Amino acid sequence: MKPTTPSFDAMAGRPRRHLFALTLGALACVMLALPAAAADKARAALTVEAEQALWRGDFDYLDRENEILKHGKHLAPDAASELEFFRAGLDSTIATGVERREPYLRELEALTLQWATEHPTSSLAHVLYAKVLVAHAWSYRGGGYASDVPPEAWKDFRNYLERAAKYLEGHADVALTDSSAHVLLMQIGNGLDWDVRQLDAIQRDGLKRNPDDVTLYFAMVTPLLPKWHGNARILDAYIRRATEETRADYGMGMYARLYAGAADLEFGHALFENSLADWPTMKKGYEDMMARFPDSPDRLNGYAHMACLAKDRPTLVKLLGQIGDKINAAQWGPNSERSVEGCQRWAKATGDGPDAPPRSPRATPSGI
Amino acid sequence: MTGGLHSYLAPAFVLDKALVLDPTLRAAADKIGAEHVARIDKLFPVWLSEEASRQAVNKIPPTSPWIFYAVLARLLNELSLWQLEPGDATYENATLAALRTSTRLCEISGDFRYTDFASRILRIQAMPVAQRDAALDGERRLLAHWGQPRAALAPWPDPLPQDAALALLARGPADAANPRLALSPELASVVFGQQQDYAHMHPVSRCMLQQWWLRQNLHRGMAPAAALSAFRYGTMLSAVDRLGTAYDKPGADDKPGPGVKPPYPGIAMRFQVTGDTTARVQAGVDGKQKASMVERRIEVEGIRGVRPVAFENVFDKAMLAFAETNTGRYAKPADSTPQQIKYLWRLEDPKPAAKPGDKR
């Protein structure tokens, strides 16, 4: 399988910087957790600050921010996680694209290990070191298809991931007080093909440490996808459970968010064909989120896209009316510009005639 | 002529709008800068008159561009002296503390040939608020020294801080076998990720390397005053940094042929710089000849009573290239005592008639 590669903007005022693709695990979390426009706003305040602080080596700033964010609810107006914005900034700097990546990563290892030695009680210091080891692992794996990975590189990939896991285990008394360590462990475990039950245990422990870290819910989606270790039924059971656990804060919202995330990561326009996503439940989830977090123009776009996929024309027409000219194509799935055009055309047409959006191909039954 | 001199002075006291500065500090710094520029503007006619009188014995007319260049040399040298001169103990301690801890001291912007004042104000911003007024007073006192003789300055660090820093970094990553402070990701991307040499680094990256080297020196037990002096030499803007490309094409004197006299730098001719320079040459383990400067004894028209620090490195590039190119004559194997060579820089036609339009 081939993970997609997000492209973050270069740091403001630092034109010499070239950013590199994030690792698959980091990507999964970021993509699931961040609606684009809200992310843009929060980036200015959090992601860019974290990115730049790490870039210039300002550990004290990062540690202060992390101590604030690692406890309690820190949500953007559309409910996106500020903690995730912060992590995205760290990941972005670690993943910086340079001509010679190996010595760059080795220096980052040395730097973060020095920080961890100087600040043994800082969870962030330990998490940062483990993050760099994970990035080093992915520098061997690369972002391409598994068949494109040189055989020798798999060994280094696994070695670095195992080093990261052992490091976090060895510093569990400090590192695992911070749910960022659990998110990272889930990424490590996914790369090392850990059993889903083990990943589930990590997620549970992380939620005990920080029940408000919704990234832990998103991080569990990846291993449960059919293309990894799961299938549609397992994924559906998980999403329903996660929705129940978060009902007090988001109503049915997490059902919509997690399935929208699954669409981003695997199902695309075939979400309703190849997964067990239930549109009425998803719609309720969107409505619950919009009621609780009305300042969510990106989610409104995503909602409209899902309505189109679900062939719910009245809802699509209503949402397009609300969106007006504030279309954000990034929320409309793969080949987004054409996706927007097709859905708008179908919304204007009458009947289920030739203008209806074509059905996406259904997966083989074994996929379900 | 005074207008021309002002145009070289004023930019050094402009705080670029893009600099992230506390408004109160910016206002206070702007006031100090404006007062200083006004004071020096008033001194220019005096300096020009002094220079005209001195050069009259050689029948140089008072309107000659040579008078202007001599006073400009004096101005450029005051700018450099100011960068090297230490403050009082309180100022020095506060500066060291800022350099040890802040990661924002190199976020300079604007015209990188004139970031002198901005760099100092960024350091003051990194100090605790309670210390800033005292530090600004320290700045006023140091600026008041312009035009006066200075206490003896520390000599040039040997090797240069950037050479020593990059030599240590070339040994490999920071680990048990090579204990050193690790670089920030930004600096690591420049030094290791892009393998840029110092000459091609962005001024911000150069500043960061110098700051890292200061921390590394302190970390390994160097006396704070020595570490700070090395930092000041490393970050000092010399006449070459400010004006070099106006007189010497980049790369022009990089590789003189064996036995060929090193070219006299254009900036040295323009400012009538003469003197003796000594370099050390030794073969590295890779067999390549590596030269470094040992001594610079320089005289500059218009600079008297103080070291001409702004011009002391004016022959470095030509001298080092000459020493490294003439390996057969001067080099010794890596394990032997390095060979020293001395070169005398003399102008055969000291003051050719100025071309029309030479005067600013």
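Values as computed for the structure displayed
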{"item": "Where the Cα pairs of the range B:19-62 fall when distances are cut into 5 Å bins, in %", "result": "5, 20, 14, 12, 11, 10, 9, 8, 6, 5, 1"}
{"item": "Amide H contacts of residue B:87 (H built 1.01 Å from N, under 5 Å, at least 5 apart or other chain)", "result": "B:92"}
{"item": "Values of log10 I(q)/I(0), in the order q = 0.08, 0.11, 0.15 Å⁻¹, for the range B:138-295 under a Debye, Cα-only, solvent-free model", "result": "-0.31, -0.59, -1.09"}
{"item": "Residues B:229, B:49, sorted so that the one with the fewest Cβ neighbours within 10 Å comes first", "result": "B:49, B:229"}
{"item": "Descending Cα extents along the principal axes, the range A:42-122, whole Å", "result": "40, 31, 14"}
{"item": "Value of relative contact order over the range A:116-222, rounded to a whole percent, pairs C-alpha under 8 Å and six or more apart", "result": "25"}
{"item": "Selection from B:4, B:14, B:102 lying farthest towards where the dipole of chain B points positive, charges on Cβ", "result": "B:4"}
{"item": "Amide H partners (placed H, <5 Å) of residue B:283, local residues excluded", "result": "B:290, B:332, B:334"}
{"item": "Karplus 3J(HN,Hα) series, Hz, for the range A:235-242 with 6.51 cos²θ - 1.76 cosθ + 1.60 (x for Gly, Pro)", "result": "4, 5, 4, 5, 5, 5, 5, 4"}
{"item": "Above-threshold pairs, the threshold being 30 Å between Cα atoms, out of A:208/A:326; A:73/A:283; A:283/A:326; A:283/A:348", "result": "A:208/A:326"}
{"item": "Loop-resident sites, the range A:99-174, for GluC sites (Glu not before Pro), counting at most 16 other Cβ within 10 Å (DSSP)", "result": "A:99"}
{"item": "Chain B, helix-only ellipticity at 222 nm - DSSP H runs n ≥ 4, -39,500 (n - 2.57), divided by all residues, nearest 500", "result": "-15000 deg cm²/dmol"}
{"item": "Vicinal HN-Hα couplings computed from phi for the range B:188-193 (Karplus, 6.51 cos²θ - 1.76 cosθ + 1.60; Hz; Gly/Pro x)", "result": "4, 5, 6, 6, 9, x"}
{"item": "Taking N as its residue count, the alpha carbon Rg of the range B:1-130 over 2.2 N^0.38 Å", "result": "1.25"}
{"item": "Rounded D (µm²/s) - the protein assembly as shown, Kirkwood Rh over Cα pairs, Stokes-Einstein at 4 °C, 1.567 mPa s", "result": "44"}
{"item": "Euclidean distance between Cα centres, the range B:71-91 to the range A:178-231, Å", "result": "59"}
{"item": "The range B:1-94: trypsin sites (Lys or Arg not before Pro) in DSSP coil with no more than 16 other Cβ atoms inside 10 Å", "result": "B:17, B:59"}
{"item": "Computed log₁₀ I(q)/I(0) - Debye formula, equal Cα scatterers, no solvent, the range B:161-237, q 0.17, 0.18 Å⁻¹", "result": "-0.61, -0.69"}
{"item": "Cβ-based exposure ranking for B:319, B:269, in which fewest neighbours within 10 Å come first", "result": "B:269, B:319"}
{"item": "A:217, B:343 arranged by Cβ crowding within 10 Å, fewest neighbours leading", "result": "B:343, A:217"}
{"item": "Other protein chain Cβ atoms within 10 Å, averaged over every residue that makes up A:94-106", "result": "5"}
{"item": "Two-site FRET efficiency, residue A:193 against residue B:225, from Cβ-Cβ distance with R₀ of 60 Å, rounded to 0.05", "result": "0.55"}
{"item": "Coordinate range along principal axes, alpha carbons of the range A:98-230, Å, largest first", "result": "42, 39, 22"}
{"item": "Qualifying trypsin sites (Lys or Arg not before Pro) in the range B:128-204, DSSP loop, other Cβ atoms within 10 Å at most 12", "result": "B:171"}
{"item": "Global geometry of chain B, whether rounded, prolate or oblate, following the gyration tensor of its Cα atoms and the 1.5 cut on a/c", "result": "oblate"}
{"item": "Karplus (6.51, -1.76, 1.60) ³J(HN,Hα), θ = phi - 60°, over the range A:272-281, in Hz, Gly and Pro reported as x", "result": "7, 8, 10, 10, 9, 4, 10, 4, x, 5"}
{"item": "Greater than 20 Å apart at Cα, pairs in A:70/A:284; B:261/B:342; B:249/B:290", "result": "A:70/A:284; B:249/B:290"}
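We did not get these values from a lab; they are worked out from the coordinates using the rules stated. Computed from a prediction, not measured in an experiment: that's the story for all the values here. Backbone-built Cβ (ideal geometry, glycine too); neighbour counts: all protein chains shown.
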